[in-house]
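Here is the structure we will look at, set down as structure tokens.
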Amino acid sequence: MGARLLAPEADEVPPFPLEQTVAALAADPPHWPASTTDLRRVRLVLRFSSAGLLRLLGGTAELTVELLDYPGEWLLDLPLLQQSYGDWSRATFALARRGVRAPLARDWLDFLARHPADRTGDPQTALQAYELYRDFLAACRDREQLSLLQPGRFLNPGQIADPSLLQFCPMPLAIGARAPPGSLAALMEARFEAYRRVIVQPFFTQLARNVDRQIVLVDVLRALNAGEEAFADHRLALDTILAAFRFGRRSLLRRLFGARIDRVLFAATKADHVPALQRDHLEALMANLVEAPSLRAKAARARAAAAALASIRCTEDGTDVIDGRKVDIVVGLPEGGERRIRFFPGIVPVTPPPTGFWGERFTEFPVFQPPRITSAAGDGIPHINLDKALDFLLEDALA
């Protein structure tokens, strides 16, 4: 029946820039607001007519909702809380030496070969090694669209008072071996432990405080577009995060911080980039990718669901004829363009695609300009399935 924003609380979590975000979408021409680069919060009160006793009495009820937003890459740090420095290093080296990562890792690995792990550690060498490792991660993301890039803050650090907390990287350590005191590996391990203690653990403590609903946003279409290895890496990153995340009593968040997440929504984003029938495919693919964690959630008496979402819809559905066949398409204005285009995205598979699917690129997705909106309260923004997502997340609270 109504909603109102609450004033920001005087604590360490800055408010989400709601006014600036709406202003970007209401500009002429409209443009996408800046991505979230740190933990942000918005609190609002929903006023509703209860379906229970209050409704019989003609009354209303209120629900306070707190939304926490943060860079999704930071979830990649959750598994680090369960790993030793040596285990993480060995896993990272194994990944770096195969597939499309191998040529991108050459400069970093060559530098480590010239600066062995047992050599005396000094901050300047550690800084150079960190910068080469960070450049390697950036190349994996920008050139190959890979997703399993740890630590999560190396490419999106947020506000960190002491930059030296980031200045480490994996070092080759044999199983069971300990870094010699005063060595480069010992310096890297000390910084890894400090990063977990000073940066990672406080973030998840803040995230877990009173949180009982989680939305996991997954850019499935970007992974399909990037190719077979990128899609496999995207799936591995998702599995890695969710294996640590879990839900209910066995959750790492619950064991470490006392949090219990009783509803989780796995949402494939950019649903407006495909026509209606393909959105069903996208939702089915999302559900397939998270089948195992969904079953774990349900076993822990938490509810899990998958959906295909577009929180801001930029396209309209249409049809076209390609090679004599009528196909469903979407129509939208590319960012920076002057004319709308008719876009055929291809067929989204309903299960993880087999090797034969990757004979050629899935498709090239344009960046569509957001729709023109007004900044007047109550006008709303066109979307796809946002109501469905909110119904799943809040239906019990709004009963």
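The values are calculated or read from the model by the stated rules, or taken from the named source; none is laboratory data. All values reported here derive from a predicted model rather than from experimental measurement. Counting neighbours? That spans all protein chains shown, and the Cβs are built from the backbone with ideal geometry, glycine included.
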(request) Return the pairs, sorted by first residue and then second, in which the second residue is surrounded by fewer than 15 Cβ atoms within 10 Å (Cβ to Cβ), the first residue lies in region 175-204 and is outside any helix (DSSP H, G or I), the beta carbons are less than 7 Å apart, and the residues are 6+ apart or on different chains. (result) Gly182/Thr120; Ser183/Arg119; Ser183/Thr120
(request) Given the conditions (1) within 21 Å of the chain's Cα centre (by Cα); (2) surrounded by fewer than 21 Cβ atoms within 10 Å (Cβ to Cβ), report the number of the one that Pro151 does not fulfil. (result) (2)
(message) Tally up the residues in region 236-295 that are under 23 Å from Gln82 (Cα atoms) and either modelled with pLDDT under 85 or of a type in the set (A, V, I, L, M) (or both), please.
(response) 31
(request) Select from region 306-321 the residues that are under 28 Å from Trp32 (Cα atoms) and of a type in the set (A, V, I, L, M, F, W, C) and list them in ascending order. (result) Ala306, Ala307, Ala308, Leu309, Ala310, Ile312, Cys314
(request) Kindly list, by first and then second residue, each pair from a residue in region 22-36 that is in a loop (DSSP other than H, G, I, E, B) to a residue that is of a type in the set (S, T, N, Q) and surrounded by 16 or more Cβ atoms within 10 Å (Cβ to Cβ), limited to pairs with Cβ atoms under 7 Å and residues at least 6 apart or on different chains. (result) Pro29/Gln369; Pro30/Gln369
(request) Would you mind stating whether Phe204 is modelled with pLDDT under 90, of a type outside the set (Asp, Glu) and within 17 Å of the chain's Cα centre (by Cα)? (result) yes
(request) Scan (1) assigned to a helix (DSSP H, G or I); (2) more than 23 Å from the chain's Cα centre (by Cα); (3) surrounded by 14 or more Cβ atoms within 10 Å (Cβ to Cβ) for the single condition Ala117 breaks and write down its number. (result) (1)
(message) For region 93-114, which positions are in a helix (DSSP H, G or I) and touching a residue at least 40 places away in the same chain (Cβ under 8 Å)?
(response) Phe93, Leu95, Ala96, Arg101, Leu104, Trp108, Leu112
(request) Count, please, the residues in region 120-147 that happen to be within 15 Å of Ala102 (Cβ to Cβ), of a type in the set (A, V, I, L, M, F, W, C) and buried (at least 20 other Cβ atoms within 10 Å of the Cβ). (result) 4
